[in-house]
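The values are calculated or read from the model by the stated rules, or taken from the named source; none is laboratory data. Predicted, not measured: the structure shown is a model, and the values here were computed from it. Heads up, the Cβs are rebuilt from the backbone with ideal geometry, glycines too, and the neighbour counts pull from every protein chain shown. All accessible areas refer to the heavy atoms of the entire protein, side chains included, with ligands and DNA or RNA removed. Shrake-Rupley method; radii C 1.70, N 1.55, O 1.52, S 1.80 Å.
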Amino acid sequence: MLLEIEDLTLAYGRIEALHSVSLHVDEGEVVALIGANGAGKTTTMRGISGLLPAKTGKIRFNGEDITNVRADLRVVRGICQSPEGRGVFPGMTVLENLDMGAYTRKDRAGIAEDLERVLTLFPRLRERRKQAGGTLSGGEQQMLAVGRALMARPKLLLLDEPSMGLAPMVIRQIFDIITEINQQGTTILLVEQNAQQALSRAHRGYVLETGRIVKEGTGQDLLHDPSVKEAYLGVA
Ligand code: ATP
């Protein structure tokens, strides 16, 4: 197991948003976490990346307890998040944005190699490499956010709503690239409201409802589960 979460409870002040959640991500997997607005998907990601401290429970990464490890040190250990809403630096060029993703690294040759890999994965970013991040389209900004996260050479890539606000064709492209990144060896935990795409690409998935995991299974099992179909796939 690369990531193991046990009975994790997270709160904003006195408001508990995640109640005793347990889940795991094995090396090489794409795991999808699906759920409605406000179910606690982003909160779970914040707990894993260390932006929100655990109230109770444990988080293990690569066999080590990281429950109390600072967010920046979790990046160094190999957990990297591409945040919801993209968070591209608007005044910086595409290349400068990508460079920011490698800020924890010193291996120049490795960084250059990863930059080339990202620009190959996203030819559109290569075309626009000198353009300011803020002038990119929504889909391009999403690509840039994913590319920037890859520049940290993560063992575990956390993707928060990569399809948010994008046109169907762009969503397919983004998911194709996510699949390719996984096939190149990166483990991925994906939070999505687009359950159809996420589950059809994921090895396994979890369904989160009001801060609790209510269902888990393979991507295919969940895609064909009647209650998941009705609640998240718009099929009665
Ligand atoms: P969405 O897709 O809308 O982002 P989500 O599943 O990611 O939904 P979260 O953002 O994790 O949901 O929110 C889970 C719960 O925590 C919600 O009830 C939300 O109102 C609450 N919450 C989120 N952020 C905060 C905050 N900063 N302060 C207080 N409560 C918060």
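Test each condition in (1) modelled with pLDDT under 95; (2) more than 16 Å from the ligand (Cβ to nearest atom); (3) among the small types (Gly, Ala, Ser) for Gly28 and report the one that comes out false.
Only one criterion in (1) modelled with pLDDT under 95; (2) more than 16 Å from the ligand (Cβ to nearest atom); (3) among the small types (Gly, Ala, Ser) is unmet by Gly28, namely (1).
For segment 78-97, how many residues meet the condition of being touching a residue at least 40 places away in the same chain (Cβ under 8 Å) and open to solvent by 30 Å² or more (accessible area, probe 1.4 Å)?
Residues in segment 78-97 being touching a residue at least 40 places away in the same chain (Cβ under 8 Å) and open to solvent by 30 Å² or more (accessible area, probe 1.4 Å): 11 in total.
Pick out the one residue from Gly110, Gly57 that is touching a strand residue (DSSP E or B) at 6+ places or on another chain (Cβ under 6 Å) and not in a loop (DSSP other than H, G, I, E, B).
One residue alone meets the criteria, Gly57.
Of the conditions (1) open to solvent by 30 Å² or more (accessible area, probe 1.4 Å); (2) part of a helix (DSSP H, G or I), Gln142 satisfies every one except a single condition; which number is it?
So Gln142 meets the others, but not (1).
Of the residues that make up segment 207-216, is at least one open to solvent by less than 70 Å² (accessible area, probe 1.4 Å), in contact (Cβ under 8 Å) with a residue 24 or more places away in the chain, out of contact with any strand residue (DSSP E or B) (no Cβ under 7 Å at 6 or more places or on another chain) and at negative phi?
Scanning segment 207-216, I find no residue that is open to solvent by less than 70 Å² (accessible area, probe 1.4 Å), in contact (Cβ under 8 Å) with a residue 24 or more places away in the chain, out of contact with any strand residue (DSSP E or B) (no Cβ under 7 Å at 6 or more places or on another chain) and at negative phi, so the answer is no.
Here's a check for you: in segment 145-160, which residue that is assigned to a loop (DSSP other than H, G, I, E, B) and modelled with pLDDT under 90 is surrounded by the most Cβ atoms within 10 Å (Cβ to Cβ)?
If we take residues in segment 145-160 being assigned to a loop (DSSP other than H, G, I, E, B) and modelled with pLDDT under 90, then Ala152 is surrounded by the most Cβ atoms within 10 Å (Cβ to Cβ).
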